[in-house]
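One structure is given below, encoded as structure tokens.
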Amino acid sequence: MVESAAPAATPALLPAWARGVTPVVIALGALAFAQWSSGGSPFFVYIASVVGVNCILAVSLNIVNGMTGQFSIGHAGFMAVGAYTAGKISLAFADTAVAGVPVVASDQLFLLISLLAGGTGAALFGFLVGLPSLRLRGDYLAIVTLGFGEIIRVIVQNTPALGAALGLSGIPQTSTLFMVWFWVFVTVLVARRIAHSSHGRSLWAIREDEVAAEAMGVDTTAYKVRSFVISSFFAGVAGGLFAHFIPIINPNSFGFVKSMEVVVMVVAGGLGSTTGAIVAAVALTLLPEGLRTAFNAFSSDPALAQKADQIRMPIYGLLLVVLMLARPQGLFGTREVWDVLPRWLPRRRKGVA
Amino acid sequence: MRRILPFGLAATLAVLLAAGCEKKNSNPSQNPTGTGITPAIGATGQAPPPAASDVILLGEVGSLTGAQATFGISTRNGVELAINEANAEGGVKGKKLAVRVYDDQSKPEEAANAATRLITQDKVKIILGEVASTNSIAMAHKAQEAGVPMITPSSTNEKVTAIGDYIFRVCFIDPFQGFVMAKFAKENLKTTRAAVLRDTKSDYSQGLSDVFIHKYTEMGGKIVETQSFAQGDTDFRSQLTAIRSAKPEAIYVPGYYNDVGIIARQARELGIKAPLLGGDGWESEKLWELGGTAVVGSYFSNHYSPEDPSPRVQNFIAAYKKAYGSVPDSLAALAYDAARVGIEAMRKAPSLENKDIRDGIAQTKDFPGVAGTITLDDKRNAIKPAVVVQVGDTQSKYVATITP
Amino acid sequence: MSDFIQHLINGIASGTIYALIALGYTMVYGVLKLINFAHGDVMMVGVYVGYATAFQLGRAARTTLWGVLAIFLVAMAACALIGFLIERFAYRPLRDKPRLTALITAIGISFALSYGFQLDFGPLPGAAPRAFPEVIQPTEWLVLGDREVVVWNWQVISLLIAAALMVGLQYLVFRTRFGRAMRAVSFDHRVAGLMGIPTDRVIAVTFMLGSALAAGAGILYAIKDTSVQPLMGLYVGLKAFVAAVVGGIGNVPGAMVGALLLGLIEEFVVGYTASSWREAVAFGVLILVLLFKPEGLFGRVAAEKV
Amino acid sequence: MSAAANGEPLLQAKDASIEFGGLKALQRFNLEIRQGDLQGLIGPNGAGKTTAFNVLTGVYEPTSGDVFVCGQRVNGKKPHRINRLGLARTFQNIRLFRALTALDNVRVACLSESRPVFSAERLAALRREGGAWAWMANGLDAWNNYYDWWRALLLAPGFLREEEELTRRAEQLLEVMGLSHRRDEEARNLPYGEQRRLEIARALGTRPRVLLLDEPAAGMNTREKADLMVLIRRLREQFSLGILVIEHDMKLVMGICEQITVLDHGETIAVGTPEKVRADRKVIEAYLGDSYLETHPEAAQEAAR
């Protein structure tokens, strides 16, 4: 599913007009099958949704942190904007349905609309946050994004219309495995296609050397802002999806800790590697679940499992340090999974794009 | 180092993926309709849990980490105590009881996750928890969807039980608690000017403040100043300076003990002599540690007072002390009550079907809980009086009981 | 009016403590051009060390002058050691790598410390806040009117300590051999190394100094707010960072002025307008400063070499 | 030497000066480069040569004086805009995109100039109107860009065609610079001399009319230098460029440049043909110090002549 996102994986025998849409068609089929076969296991659907949302977050953050080489640590703020925007819209249309189509289809249509609205809202904020990157570099930008994320959280916390500290509940839980992973697919597709286009090469160039990129005619400020906008759009969509399968959204869910989780995923996967981000997102989301299952299976003492839960955050911190010291490029560096496969498998060209 | 690390990560990943597959397989697709709405699954028709079937599993979700971990731990202790006692009495319908506890790290998404896990993986009969209303709401949606009864011991927000007919609580609700303190301030303390200092980060604090402001004004008092802080702040001097200049006769601070202790110290330091008033969030031994002598003389509303001489309360306190070495706070008492209400319902119910257990809980009437007699109304809320206690030198003293 | 004066005093009191922490940020940034994100958390560790020391000393000993000194010195020494270890094992190997690498490491350390200290097994303290023992017996230093304006002894003491430390630092940086070495390293650590300056030692000592300062500041902070908790470092550290940026990072007097300014702004925003927005004040100030005067009030624009 | 027949000056500096906090890094710098020119910019270390480059390419804005590229005043314009006007450069300390392949390095520079919705000519015409029209032009260009991103995301046939064309052009440039065999090699893995050549290839990718080379021969051996001289001349013919070279190697500069500007302490101390500059007293003083002239009377005599 993920591999099919790469344009090169699409056979060249397709007519030119079909190359753009073929992966989408394949993905839709695969997703429909996944949806059908997972119908009876809510826990699987739930976990798969969480994994999916984290994948979207990691892949989208990778566009800014990995490809463009800026360092944003306020991604959860955009997620919050998306979650609340989409949530409010869905609440407003909770009792509305499109005439003439099954309720399920109508629900999904409204979900799609609110997700797009959430993404757009987040993209707008992304534009606002991207603007300071006109003047700031590296570490300053990082702190400013952190600040923006916190400010967004404080705004939500002080707005009764958004549920203030209690959070927004009652959002119709219309999210499906299909919808979540459809957006994962779209995010990956967009990330990969950007990476392979002239726009993506401009982003890579900014990451490598901003001054040289500017001298080679790359409008670095515009590209930085654009990468922020795209990245925050998908963060907003992820937030929107989140709001449609978590019964209550609360400002504390979108704090600094959430941002850091996503940063850890991107850094661990390799700054610049889309598939690396996915691998890390999947692994780090399933890790605590796997541990819980393991502890439940081997011991009846709940205290041990709790300790494992507690220790997760400090471990993330240490993981960052150890990664930076031992393997600063992360799991895959700027490469993709298929670049590091064993030698006997067909390989793609070296390099980032 | 360089070679081992990716391999290690890859190995972990492989294990995790295997775990993921296993999860999927253990839940064979039973609903091949492929509808967009996650279908509700009743316990009927589900395969029995793989664990020993002579054990009835209860689930509990609590916040065992983070700043308010004492709430979660007290709750867990209370539930454990109730289950141990029930097992000593021979269990339910010849089966032993056990509890599975998950930490939600005070995050609603983790609470929802834990509830889903309890329902689908552990197949618990009753879910107990949470303390924080936000997290209870997240869990309640999952429980209601799946048709598993849930009892929250101490979530006081109105919205929690409004979610559906499977959601119950054994405590009073925020509006009542706000009303209790407003009435106490106006009638018992005879004040006419009050200030409010609320926590913007906590819905609990917001809810209590709103009701207090409304009721106090309604009773003819005047709110002279409203200030806010955020959980985890440690400097409240600017807010307190502003409050000081309004010259209130009482200050309502419906926060959690860890903030209140510091607030009290700084208020006294700035020369504010008016008593502080609060809610059940004050209840913790840490209040004295953090507040020192500054908290002494303040009042807060609570669910029960350990000074209650009735034997069932004293027996509970003795048992709790023996097991955990401390006087149970009201969260432990409420958790104990919640678990016992659930166990009692299971005993009375004709079968251990979710529906029967639910009906059993709904019929709870005049149940002798340690934190007051419990009768559940048609909104599945407990109707109980509240007590107001005064903070003493080492423990709190009972002052008044205020009935709805 | 008396309120205004009280707010002013409160603001200066928190400002001086931000200033002490900001000095550490500024020094480290000066020599390494690294935002030591973990600075606040090193401070938090120092406070816990002070807390443990105070308990070891017992109630009687800790309020004596020697007791107080011991608490400060032990905490400062412990933090200097932690600072040294962090520099030696986390930052030094990354010195010639991209700056982002070091920043990620710093964030990682910050995270590991602030969340590691929330664990409640072993010697770790757990997440709940704890009361910091009263090592300086709080007494009113000045009372105006009917307790309308109160100034406490510890407020005066921290102001004095902060001022003394700032003067000391200015002296150290501009009047001593070590200071000259520091400035040389700050200018270009590779060239400084070629000129025979023991770069590694200078950077390590700077780190240790900054961390020790943070410990001292942290204890004053704990005395002020009477409590200790694992997350204190994160937020206080961020505020101090904002103060350092406002003053122009790398500039010692700038950090002081920036910190006082931030303390006052925060105090007045909370006291007179919207107290519920307190958490956003520091970040708002930071963003405004970075947008309109990114070099800070006293900083210099560094032209990038092309 | 530069003939008026070569047409309008493509790059022109008129009394351009820049100060950094009181330090006069460049004073009243004048320069004119036309198509087919090959000029040199020399001076001792710290004379302000690279600063001059930075002022010309827009990295720094001159504190006074003007810079014109292809007739347009570019003071305060961003480097990428100036680059688009036809001015490309290389860097003294190689600044390649290190993790990108050689091909991608060049492809970054070969930005697609297509304007999918509103043509570049129409936008330029609107911009000339000024005022609100210029704003509208910016808006339309933003729309162009938006549309172009969608083409990239949907792999529109037109986009694919452009990509192919870009790749072809980049490959041609690599071939010209003799780097075809390094096409898929990461830039950081190339040997030093090839990195220098790749930088030139990258600069050529932006379709410049004037090329600024900052110490292209630094670190090269005699043979490589000789090759470079041939290459620079060939590039001038093949791409009809005007070229300005900063170089320390006197032999190289004197060998290929038709006109040389000498800087010292930010001041222009001599302008002229290689022969004239070589004999200039001030130049010799700047390079070798006064004492050299005193101890070597024959050089002084030559300078006086």
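Read-outs: derived from the displayed coordinates by stated rules, not from any lab. Owing to the predicted nature of the structure, the values given are computational and were not obtained by experimental measurement. Glycine gets a Cβ as well: all are built from the backbone with ideal geometry, and neighbour counts include every protein chain shown.
Please state the shape class of the range A:3-253: rounded when a/c is under 1.5, otherwise prolate if a/b exceeds b/c and oblate if not, all from the C-alpha gyration tensor.
Details: a/c = 2.25, a/b = 1.17, b/c = 1.93.
It is oblate, given that a/c is not under 1.5 and a/b is not larger than b/c.
With point charges of +1 on the Cβ of Lys and Arg and -1 on the Cβ of Asp and Glu, referenced to the Cα centre of the protein assembly as shown, which listed residue (B:I56, B:F176, D:A142) lies farthest in the positive direction of the dipole?
Farthest towards the positive pole: D:A142.
What's the Cα-based Rg to Rh of the range D:17-78, Rh via Kirkwood? Please report the intermediate quantities before stating the final value.
Details: Rg = 11.9 Å, Rh = 12.4 Å.
On the Cα set of the range D:17-78, Rg over Rh gives 0.96.
Which helices, taking whole DSSP H runs in chain D, have alpha carbons extending 27 angstrom or more along the helix axis plus mean Kyte-Doolittle at least 1.6?
Helix filter hits for chain D: none.
Would you mind giving the mean number of other chain beta-carbons within 10 Å of the Cβ of each residue in D:149-158, as a whole number?
6
Each residue of the range A:317-325 in order: what ³J(HN,Hα) in whole Hz does its phi give by Karplus 6.51 cos²θ - 1.76 cosθ + 1.60, θ = phi - 60°, with x for Gly and Pro?
Once θ is set to phi - 60°, the couplings for the range A:317-325 become x, 5, 4, 4, 4, 4, 4, 5, 7 Hz.
Given R₀ = 45 Å, what would the calculated FRET efficiency be for B:D165 paired with A:A326, taking r from the Cβ atoms and rounding to 0.05?
Numbers: r = 55 Å, r/R0 = 1.22.
Efficiency computed from Cβ-Cβ geometry: 0.25.
Amide H to amide H under 5 Å from B:V101: which residues, 5+ apart in sequence or cross-chain, H placed 1.01 Å off N in plane?
Here the answer is B:E60, since their amide H atoms fall under 5 Å of that of B:V101.
Of D:A270, D:W133, D:F91, which is farthest along the charge dipole of chain D in the positive direction, counting Lys and Arg as +1 and Asp and Glu as -1 at C-beta?
Comparing the listed Cα positions along the dipole, D:W133 ranks first.
Give the lysines reachable from A:K224 as a straight Cα distance under 17 Å; neighbours fewer than 8 places away on the same chain don't count.
Partners within reach: D:K78.
What percentages, rounded to whole numbers, describe P(r) for the protein assembly as shown computed over all alpha carbon pairs with 20 Å bin width beginning at zero?
10, 34, 34, 17, 5, 1, 0
Kindly state, to the nearest 0.05, the FRET efficiency for C:D96 paired with C:R177, given R0 = 25 Å and r defined as their beta-carbon distance.
E(calc), rounded to 0.05, equals 0.45.
Using the structure shown, list the pairs from A:K307/C:K239; B:K186/B:K215; B:K159/B:K286; B:K183/B:K286 with a Cα-Cα distance above 21 Å, or answer none.
The pairs that break the limit, which is 21 Å between Cα atoms, are A:K307/C:K239; B:K159/B:K286; B:K183/B:K286.
Can you compute the modelled spin-label distance between A:L112 and A:F298, with each label point 7 Å from Cα toward Cβ, in nm?
4.6
Can you list the residues, at least 5 places off or on another chain, whose amide H is less than 5 Å from the amide H of A:G330, using H built in the peptide plane?
For A:G330, whose amide H was placed from the backbone, there are no distant partners under 5 Å.
How would you classify the range B:175-302 from its alpha-carbon gyration tensor, with a ≥ b ≥ c the square roots of the eigenvalues: rounded for a/c under 1.5, else prolate if a/b is greater than b/c, otherwise oblate?
Numbers: a/c = 1.43, a/b = 1.26, b/c = 1.13.
Note, shape of the range B:175-302 comes out rounded.
Report ³J(HN,Hα) in whole Hz for each residue of the range C:202-212, in order, from the Karplus equation J = 6.51 cos²θ - 1.76 cosθ + 1.60 where θ = phi - 60°; Gly and Pro get x.
Couplings: 4, 5, 4, 5, 4, 4, 5, 4, x, 5, 5 Hz.
Between C:D200, C:D41, C:D146, which gets the highest mean-square fluctuation from a Gaussian network model of chain C, Cα cutoff 10 Å?
Of the options given, C:D146 has the highest mean-square fluctuation.
Using only the Cα atoms, what convex hull volume per residue in Å³ does the range C:2-292 have?
139
For n ≥ 4 DSSP H runs only, could you compute -39500 (n - 2.57) per run for the protein assembly as shown, divide by its residues and tell me the 222 nm figure to the nearest 500?
-18000 deg cm²/dmol
Would you tell me the mean number of C-beta atoms belonging to other protein chains that fall within 10 Å of each C-beta in A:150-159, as a whole number?
Counting Cβ atoms of other protein chains within 10 Å of each residue's Cβ and averaging gives 5.
Determine which residues of the range D:149-163 fall in the zone a paramagnetic label at D:R127 would reach in this model, i.e. backbone nitrogen under 16 Å from the point 7 Å along Cα→Cβ.
Those under the cut-off are none; the list is empty.
Report the convex hull volume per residue for the range B:71-152, counting only C-alpha atoms, in Å³. Intermediate results must be reported in sequence, preceding the final value.
Details: hull volume 6.7 nm³, N = 82.
It comes to 81 Å³ per residue, whole-number rounded.
Sort D:239-250, B:200-211, A:24-35 for me by packing, meaning the mean count of neighbouring Cβ atoms within 10 Å per residue, highest on top.
Per-residue mean Cβ counts within 10 Å order the peptides as B:200-211, D:239-250, A:24-35.
Can you give me the angle between helix B:69-88 and the longest principal axis of chain B, using Cα atoms only, in degrees from 0 to 90, rounded to the nearest 10?
Helix B:69-88 and the main axis of chain B meet at about 60 degrees.
Peptide A:160-169: average number of partner chain Cβ atoms within 10 Å per residue? Kindly include the intermediate steps, with their values, before the conclusion.
Details: counts 2, 0, 0, 3, 7, 14, 12, 8, 0, 11.
Mean shielding count: 6.
Separation of the range C:161-198 and the range D:125-201 by C-alpha centroid, Å?
Taking the Cα centre of the range D:125-201 as reference, the centre of the range C:161-198 is 47 Å away.
What does a probe at D:Y147 reach in the range D:114-128, counting residues whose amide N is under 18 Å from the point 7 Å along Cα→Cβ?
Only D:114-127 pass the distance filter.
Taking a ≥ b ≥ c as the square roots of the Cα gyration tensor eigenvalues, with a/c under 1.5 meaning rounded and otherwise prolate when a/b beats b/c, else oblate, which class fits the range B:350-404?
It is prolate, given that a/c is not under 1.5 and a/b is the larger ratio.
Hey, in the GNM for chain C with a 10 angstrom Cα cutoff, which one of C:G216, C:G58, C:G30 fluctuates hardest?
Checking each option, the largest mean-square fluctuation is seen for C:G58.
Taking a cut-off of 17 Å between Cα atoms, list the lysines near D:K14, but don't count ones fewer than 8 places away on the same chain.
Result set, ordered by chain and number: D:K24, D:K49, D:K77.
Determine, from the Cβ-Cβ distance of B:N87 and B:V296 and an R0 of 35 Å, the FRET efficiency 1/(1 + (r/R0)^6), rounded to the nearest 0.05.
0.30
Between the range C:3-73 and the range D:236-267, how many Å separate their Cα centres?
Measuring centre to centre over Cα atoms gives 60 Å.
Take every Cα-Cα pair in the range D:105-189 and report what % of them are more than 14 Å apart.
For the range D:105-189, the fraction of Cα-Cα distances above 14 Å is 71 percent.
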